[in-house]
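Enquirer: Below you will find the structure I want to go over with you.
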Amino acid sequence: MARISPTFSKKISFSLFIILSTCIIIFDITSSSFQDIRNSFKSFKISSAYVIKTISIEPISSIKQKLKSKNNLIKENKYLKDALEKSYIDNYLLSRENSFFKDHEMINDSFISSEYNFFYKIAQLKSLDPNMYKCCDKHRMFVEIIEESNNDIYQSAVFNNLGLVGQIINKKSPYEVLLLTDINHSIPIKTESDEFFCNAKGSGRSDIIICSFNPLMWDEEMKLETTIFSSGLGGIYPRNIEIGAIKQIINVDSNQTDIEIELFSSPMESDLFGVLKF
Amino acid sequence: MLKYFKKILLIIFINFLDQSISSFLSNFYIIFPLTFLAYTFYVYRSDKNINPSEAFVIGLFIDLISESYFGLHALIFCVVTYIINIYANAFKLFSYLQICIFFGVLSTAYVGFTQLIINLYNFSYLMLFISAIFCTTFCIFIAALRVFFPKTSKITI
């Protein structure tokens, strides 16, 4: 029970307050005199709620919003970067302005006839050891073809948006790419004049391949910064593709001269590659 | 001072709760006067008589925060306080069920009176009837809680 000892109510004071309340309510209903007080309280309530919300909830929600928008931006940035790289690779072969091919006739013919005598696929980089690439002889990387199909891409040329980077040397995904700079790799090259041919071997150094030849056999004089092209003789790489430029000429003896060619492309420049089969 | 501040905060909180659930319950034709029931419970549980001025001031404050006519809750609270004070000694003779019915009837009267003042043109007997059942059931539920979860007290020697 609520109360142990008897209590007595004050009838008169209750009656007074009840009469007072009744007067107030009648006065309010008939004249709306307390409307200003109600409005003031309402505005105070709204202002207080706004201030409390600004102080307590807003900072937390803004942090959350910032984190969320940052994550969205990172995702969007990655997506756009991938799409851009893919479009670079896609457009690289077909662009009339690029210097991938020495003679643009092949591309022009392709445009005119709308038929290509080659196919290419886009591949995603899966693995490349940069330390190995910088230091050691074995220069390999692994790629995976996006939108895999039944076409055989064994021994296909691999390129990025700067030029050739190597060739595929296995038949199963992920495909192993033997880079041009691997010491086991050899690419037939030539000069623009078609008066000098050579097999350039990988140097084991990043971006450098070396061509050793007998200067007595070739009349053409080698100069620094001369552009070197693929000769297409090996059957792996198409003819007349820019490979690199002569960086250094070393006369070993009267029967041997080595020229170091600095490649235009590097496998570390991008994550997406084109795999070209012709 | 701290005691009054706590009371004010509690009133604001209960009124906020009342207004929050009222829109949901109105879908089922129920008006649940939580603030009123909380106040009657406070008066009922009080060891001494509640002063009419206190009832008046609390009522006016609730009028202010619930944006109803000034004097409406002040009047009701004064009347209810007076009634509970009268029956305070008689409650000892009542069973829990009778007390629950008593508070159910009080809350029904409150709903009816407030509806007559603020919602005269849409007064609904159906709403009043359902509210009466709901409030009485709620009081019984609260009383049952006391039975199933009795208050533990320390025995001092």
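Laboratory data are not the source of any read-out in this text; all were calculated from the coordinates shown. What you see is a predicted model; the values in this text were computed from it and never measured. As a convention, Cβ positions derive from the backbone with ideal geometry for all residues, glycine included, and neighbour counts pool all protein chains shown.
Enquirer: Of the numbered conditions (1) in contact (Cβ under 8 Å) with a residue 24 or more places away in the chain; (2) over 16 Å from B:Phe138 (Cα atoms); (3) in contact with a Pro (Cβ under 6 Å, 6 or more places away or on another chain), B:Gln19 fails exactly one; give the number of that condition.
Expert: (3)
Enquirer: Go through (1) in contact with a Leu (Cβ under 8 Å, 6 or more places away or on another chain); (2) touching a residue at least 12 places away in the same chain (Cβ under 8 Å) one by one and return the number of the condition B:Phe70 breaks.
Expert: Result: B:Phe70 fails condition (2) only.
Enquirer: Further question: Kindly provide the set of residues from the range A:129-146 that are in a loop (DSSP other than H, G, I, E, B) and of a type in the set (D, E, K, R), ordered by number. Can you show your working first?
Expert: Residues of the range A:129-146 that are in a loop (DSSP other than H, G, I, E, B), as a first pass: A:129, A:136-139, A:146.
Correct list: A:Asp129, A:Asp137, A:Lys138.
Enquirer: Still on this structure, please answer the following. Would you mind stating whether B:Ala38 is farther than 20 Å from A:Ile18 by Cα, within 12 Å of chain A (Cβ to nearest Cβ) and not basic (Lys, Arg)?
Expert: Numbers: farther than 20 Å from A:Ile18 by Cα: yes; within 12 Å of chain A (Cβ to nearest Cβ): no; not basic (Lys, Arg): yes.
Judged against the criteria, B:Ala38 is not a match.
Enquirer: Next question, about the same structure. Provide a single number: the residues in the range A:229-278 that are closer than 21 Å to A:Glu195 by Cα, in a loop (DSSP other than H, G, I, E, B) and not aliphatic (A, V, I, L, M).
Expert: So the answer is 10.
Enquirer: Okay, moving on. Restricting to the range A:26-83, give me the number of residues that are closer than 30 Å to A:Phe273 by Cα and of a type in the set (Asp, Glu).
Expert: Of all residues in the range A:26-83, those closer than 30 Å to A:Phe273 by Cα come to A:70-83.
Among the residues that remain, those that are also of a type in the set (Asp, Glu) are: A:76, A:82.
Within the range A:26-83, residues that are closer than 30 Å to A:Phe273 by Cα and of a type in the set (Asp, Glu) number 2.
Enquirer: From (1) under 21 Å from the mean Cα position of the chain (by Cα); (2) surrounded by fewer than 17 Cβ atoms within 10 Å (Cβ to Cβ); (3) not basic (Lys, Arg), pick out the condition that doesn't hold for A:Glu195.
Expert: Failed condition: (1).
Enquirer: Among the numbered criteria (1) closer than 20 Å to A:Phe273 by Cα; (2) exposed (fewer than 15 other Cβ atoms within 10 Å of the Cβ), which one does A:Pro174 miss?
Expert: Against the list (1) closer than 20 Å to A:Phe273 by Cα; (2) exposed (fewer than 15 other Cβ atoms within 10 Å of the Cβ), A:Pro174 comes up short only on (2).
Enquirer: Of all residues in the range B:73-96, which are within 11 Å of chain A (Cβ to nearest Cβ) and over 14 Å from the mean Cα position of the chain (by Cα)?
Expert: First, pick out the residues of the range B:73-96 that are within 11 Å of chain A (Cβ to nearest Cβ): B:73-94, B:96.
B:Asn85, B:Ile86, B:Tyr87, B:Ala88, B:Asn89, B:Ala90, B:Phe91, B:Lys92, B:Leu93, B:Phe94, B:Tyr96 - these are the residues of the range B:73-96 that are within 11 Å of chain A (Cβ to nearest Cβ) and over 14 Å from the mean Cα position of the chain (by Cα).
Enquirer: In the range B:43-72, which residue that is more than 7 Å from chain A (Cβ to nearest Cβ) and among the acidic types (Asp, Glu) is farthest from A:Ile18 (Cα to Cα)?
Expert: Selected residue: B:Asp63.
Enquirer: Taking the range A:22-62 as the search range and keeping residues that are aliphatic (A, V, I, L, M) and within 60 Å of the chain's Cα centre (by Cα), which one is farthest from the other protein chains (Cβ to nearest Cβ)?
Expert: Just the residues of the range A:22-62 that are aliphatic (A, V, I, L, M), to begin with: A:24-26, A:29, A:37, A:46, A:49, A:51-52, A:55, A:57, A:60.
Checking which are within 60 Å of the chain's Cα centre (by Cα) leaves us with A:46, A:49, A:51-52, A:55, A:57, A:60.
Working: A:Ile46: 12, A:Ala49: 11, A:Val51: 16, A:Ile52: 13, A:Ile55: 18, A:Ile57: 16, A:Ile60: 21 Å.
Step by step, filter the range A:22-62, then rank; the result is A:Ile60.
Enquirer: Of all the residues that make up the range B:97-115, how many are closer than 23 Å to B:Pro52 by Cβ, free of Cβ contacts under 8 Å to residues at least 24 places away in the same chain and either within 14 Å of another protein chain (Cβ to nearest Cβ) or surrounded by 20 or more Cβ atoms within 10 Å (Cβ to Cβ) (or both)?
Expert: So the answer is 1.
Enquirer: For the range B:15-64, which residues satisfy the criterion of being within 15 Å of B:Ile83 (Cα to Cα) and among the aromatic types (Phe, Trp, Tyr)?
Expert: Passing the criteria: B:Phe36, B:Tyr39, B:Phe41, B:Tyr42, B:Tyr44, B:Phe56.
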